[in-house]
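The values are calculated or read from the model by the stated rules, or taken from the named source; none is laboratory data. The structure presented is a predicted model; accordingly, all values stated were derived computationally and were not measured. Methodologically, a virtual Cβ is constructed for each residue, glycine included, from the backbone with ideal geometry; neighbour enumeration extends over all protein chains shown. Just the protein is used for accessible areas: all its heavy atoms, side chains included, with ligands, DNA and RNA removed. Shrake-Rupley method; radii C 1.70, N 1.55, O 1.52, S 1.80 Å.
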Amino acid sequence: VQLQASGGGLVQPGGSLRLSCGVSGSIFSIKRMAWYRQAPGKQRELVAQITDAGSANYADSVKGRFTISRDNAKNTVYLQMNSLKTEDTAVYYCYAYRGDSIRLQYWGQGTQVTVSS
């Protein structure tokens, strides 16, 4: 499984961005897709995740502002980010889970999101 994240950039507070994560390779049995983020000097944190059944959940800090979705026909997961705040600035990583073994968990390369005026 290979993950390719894109869509990051510089945006003003209150603005919007949409991140994309293209999935290639053996996508069979991917049970969960997620977006994580890591700000400078902070630990990586879960932002949003979506199961293969379409159930989604979010970090409290982004509820009501971010939406995770998936397009199975395009093998792509999206993160729509609205009402962005300066504290959303981070490198965002796409993640895929197939099982508990570390060999069955995959990370994309990260895409930088900077929210600044």
Exercise. How many lysine pairs in the chain, separated by 8 or more positions in sequence or lying on different chains, have Cα atoms less than 24 Å apart?
Worked result: 5
Seminar exercise, completed: If exposed means trypsin sites (Lys or Arg not before Pro) lying in a DSSP loop and surrounded by at most 11 other beta carbons within 10 Å, then the longest stretch of the chain lacking such sites spans residues 75-117
Exercise. Just how many % of Cα pairs in region 1-62 lie over 18 Å apart, if you round to the nearest whole percent?
Worked result: 49
Problem set entry | Whole-Hz ³J(HN,Hα) from phi, Karplus 6.51 cos²θ - 1.76 cosθ + 1.60, for region 2-11, glycine and proline x | 10, 10, 10, 8, 7, x, x, x, 9, 9
Problem set entry | Accessible-area composition of the chain, carbon plus sulfur, in percent [1.4 Å probe] | 47
Problem set entry | Nitroxide proxy distance, nm - points 7 Å out along Cα→Cβ at residue 29 and residue 101 | 0.8
For this session: Please express the shape of region 50-117 as an equivalent ellipsoid: the semi-axes are the square roots of 5 times the eigenvalues of the C-alpha gyration tensor, given largest first in whole angstrom.
Result: 23, 15, 12
For this session: Using only alpha carbon pairs under 8 Å that are at least six residues apart, calculate the relative contact order of the chain and give it in whole percent.
Result: 36
Seminar exercise, completed: Counting Lys and Arg as +1 and Asp and Glu as -1 over every other residue whose Cβ sits under 13 Å from the Cβ of residue 79, the net charge comes to +2
Exercise. What list of ³J(HN,Hα) values in whole Hz, one per residue of region 60-68 in order, does the Karplus curve 6.51 cos²θ - 1.76 cosθ + 1.60 (θ = phi - 60°) give from phi, with Gly and Pro shown as x?
Worked result: 4, 5, 10, 4, x, 10, 10, 9, 9
